[in-house]
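Participant: Before anything else, here's the structure in question.
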Amino acid sequence: MEAGNLENFYISENGAKIRVHKRGTGKKSLILIHGLGAFIEIWEPLMKELEDKFTIYAPDLPGHGETVFPASEMTDFYRENSPFFKTIDMLIEKENISSPILAGNSMGGGISMAYSVLRRDVISGCILIDPLGAGNRVDAVHRILSFGPVNWYFRRKGPDMESIRAGWNQSFSAIEPPEWLIDCSMKHYENRDNWQWYFRLVKYGTSIFGLRKRDLKPIRSQFAQLPVPKLVIWGRKDRILDPDEGKAYFDRVENTRFIMIPDGGHVPMVEYPGLVAREISTFAEGI
């Protein structure tokens with residue numbers, strides 16, 4: 001166990017290697033799924049707030065951080081046997097996690113929605129923080145980055161501090177992107193495979209016409225009827241995924257509590273970790 005009650009470990013199986021952070025010793029288990037282009041470290045402010053109440057696990061997704069999957073499996077990211085779902089499956093199996101609460105931000109929210117539908121008997125609750133998958137349009141910046149020549153240009157250009165900072169500026173509203181987040185991003189994107197996968201996933205998840213519905217539309221309709229308890233937290237000033245469009249969908253979803261954070265952006269768990277932690281703790285008390 002590392003300083004601050006943080007354990008960093010790896011799960012290896014069939015050519016895959018998954019990096020995981022574990023924090024806390026609470027009776028209830030919480031699994032945190034980050035968004036597109038992010039990594040484990042983005043959850044650290046929230047994990048510190050919740051470590052007394054939960055045992056918390058946060059994996060790097062395939063194509064992010066230090067997690068690596070065989071290239072042959074890096075397809076169909078929202079389907080039954082996707083590398084995203086396999087990552088969660090492997091974590092639950094290897095750590096013998098019983099009835100976890102699953103929480104996801106942004107793309108990780110879409111993954112959490114889909115996992116809750118496809119593995120409904122595995123989880124006890126679902127928390128979504130500014131999630132992709134509620135039928136909301138993706139911002140213009142990501143739609144432009146999905147456009148073929150632009151996507152190709154940035155993939156070829158490679159990472160630099162200016163581009164990374166500009167990208168994170170879109171996600172924040174209440175504060176400036178913290179320097180530790182910029183530094184972590186630069187460290188992880190020095191692995192050019194991660195940089196390539198970021199732009200491939202942008203292209204996969206969006207188009208110049210908006211959010212692709214092929215994979216998430218059927219998930220959305222099934223998730224709305226799912227009896228599992230749900231908590232949705234959204235930053236009112238999210239510039240990436242429209243909060244009003246999200247709320248319009250979740251107002252029709254069964255067994256859901258919706259929280260809007262007035263000054264929050266796309267990653268309110270970094271901007272307001274104490275507030276988000278209190279809402280998660282209250283939600284978990286009823287499970």
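Where a number appears in this text, it was derived from the coordinates with a stated rule and is not lab data. Here the structure is a predicted model, which is why all the values come from computation and not from measurement. Cβ sites come from the backbone with ideal geometry, for glycine too, and all protein chains shown count toward neighbours.
Participant: To the nearest 0.05, what FRET efficiency results for E80 and N151 with a Förster distance of 22 Å applied to their C-beta separation?
Facilitator: Working from the Cβ atoms, E equals 0.20.
Participant: Please enumerate, by chain and number, the lysines with C-alpha under 17 Å from the C-alpha of K22, excluding those fewer than 8 residues away in the same chain.
Facilitator: K48, K53, K94
Participant: Cα to Cα, under 17 Å, and not fewer than 8 places away if on the same chain: which lysines meet these conditions relative to K187?
Facilitator: K157
Participant: Taking a cut-off of 20 Å between Cα atoms, list the lysines near K237, but don't count ones fewer than 8 places away on the same chain.
Facilitator: Partners found: K247.
Participant: Please report the antiparallel percentage of the DSSP beta bridges confined to the chain, to the nearest 5.
Facilitator: Once the DSSP bridges in the chain are tallied, antiparallel ones form about 40 percent.
Participant: To continue, here is another question. Name the residue from G26, I88, P273 whose Cα lies farthest towards the positive end of the charge dipole of the chain, charges +1 on Cβ of Lys and Arg and -1 on Cβ of Asp and Glu.
Facilitator: About the Cα centre, the residue reaching furthest to the positive side is I88.
Participant: Among R119, R252, what is the fewest-to-most ranking by other Cβ atoms within 10 Å?
Facilitator: Fewest to most other Cβ atoms nearby, the residues stand as R252, R119.
Participant: Moving to a separate point now. What size of dipole, in debye to the nearest 20, comes out for the chain about its Cα centre when the only charges are +1 on Lys and Arg C-beta atoms and -1 on Asp and Glu C-beta atoms?
Facilitator: 900
Participant: What relative contact order, as a whole-number percentage, does the chain give when Cα pairs under 8 Å and 6 or more residues apart are counted?
Facilitator: 19
Participant: Can you pull out the GluC sites (Glu not before Pro) in the stretch 46-153 that DSSP calls coil and that have at most 10 other Cβ atoms within 10 Å?
Facilitator: E80
Participant: Rank the residues E271, E190 as a footprinting-exposure proxy: fewest other Cβ atoms within 10 Å of their Cβ go first.
Facilitator: E190, E271
Participant: What residue among F39, G108, M161 has its Cα farthest toward the positive end of the dipole of the stretch 6-285, where the charges are +1 on Lys, Arg and -1 on Asp, Glu, each on the Cβ?
Facilitator: So the residue we want is G108.
Participant: Still on this structure, please answer the following. Going by how many other beta carbons lie within 10 Å of each one, how would you line up L36, L132, L6, fewest first?
Facilitator: L6, L36, L132
Participant: Taking a ≥ b ≥ c as the square roots of the eigenvalues of the Cα gyration tensor of the stretch 1-142, is the shape rounded (a/c under 1.5), prolate (a/b larger than b/c) or oblate?
Facilitator: rounded
Participant: Between A166 and R137, what is the FRET efficiency for a Förster distance of 22 Å, r being their Cβ-Cβ separation, to the nearest 0.05?
Facilitator: Result of the calculation: an efficiency of 0.60.
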